[in-house]
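Starting off with a structure, shown below.
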Amino acid sequence: MLRGVPSGIPAGNEKELFLDILDYIKERGTGVSRIEFFDRLALSVACRNAVKSGEKLSRPSMEVLLQRLARTENPYTCPHGRPTIIHLSYRDLEARFGR
């Protein structure tokens, strides 16, 4: 039974986060460094709390999200390497609209 989580862990995804940590320990064993472990924990928390496909955001929420993204060290990919920004040239846009 999970009775509590560290402060800073958002409520609602505790079970999934705990299972992610167990999977990580199964994969890597118990000999991982504290830094590596907490890096993995931060990645899991970030993914669990990310905006999901199809989720509706208000305009102010979108603006805050873009401002925060612009301040990151690497705004072009998520921690797992998936793109967060896609560059479309004017030519790309024309092609998509059949021009």
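A short reminder: the numbers here are calculations on the coordinates, not readings from a lab. Given the structure is predicted, the values throughout are model-derived calculations rather than measurements. Positions of Cβ are backbone-derived with ideal geometry, glycine not excepted, and every protein chain shown enters the neighbour counts.
State the answer as a single residue: which of Pro75, Leu22, Leu65 lies farthest towards the positive end of the charge dipole of region 14-96, with beta carbon charges of +1 for Lys and Arg and -1 for Asp and Glu, about the Cα centre.
Value: Leu65.
Scanning the chain for chymotrypsin sites (Phe, Trp or Tyr not before Pro) in DSSP loops with at most 14 other Cβ atoms within 10 Å, what's the longest stretch left with none?
By the stated rule (loop sites, at most 14 other Cβ atoms within 10 Å), 1-75.
Taking the simple approach of a point 7 Å from Cα along Cα-to-Cβ for both Glu55 and Arg99, what is their distance in nm?
3.3 nm
Return P(r) of the chain (all Cα-Cα pairs; 10 Å bins starting at 0; whole %; ordered from short to long distances).
Answer for the chain: a P(r) of 11, 32, 32, 15, 8, 2 percent.
Same structure, new question: If amide H atoms are built 1.01 Å from N in the plane of the peptide, which residues on other chains or at least 5 residues away come under 5 Å of the amide H of Cys78?
Thr84
Out of the GluC sites (Glu not before Pro) in region 4-99, which ones are loop residues according to DSSP with at most 13 other C-beta atoms within 10 Å?
Hits after loop and neighbour filter: Glu55, Glu73.
Further question on the same structure: Given the rule -39500 (n - 2.57) for each run of at least 4 DSSP H residues, summed and divided by the residues of the chain, what is its mean residue ellipticity at 222 nm, to the nearest 500 deg cm²/dmol?
Counting only the DSSP helices, I get -15500 deg cm²/dmol.
Which ³J(HN,Hα) values in Hz, rounded to whole numbers, follow from the phi angles of region 79-93 under the Karplus curve 6.51 cos²θ - 1.76 cosθ + 1.60, where θ = phi - 60° and Gly and Pro get x?
Each residue of region 79-93 in turn: x, 8, x, 6, x, 10, 10, 10, 7, 10, 7, 4, 4, 4, 5 Hz.
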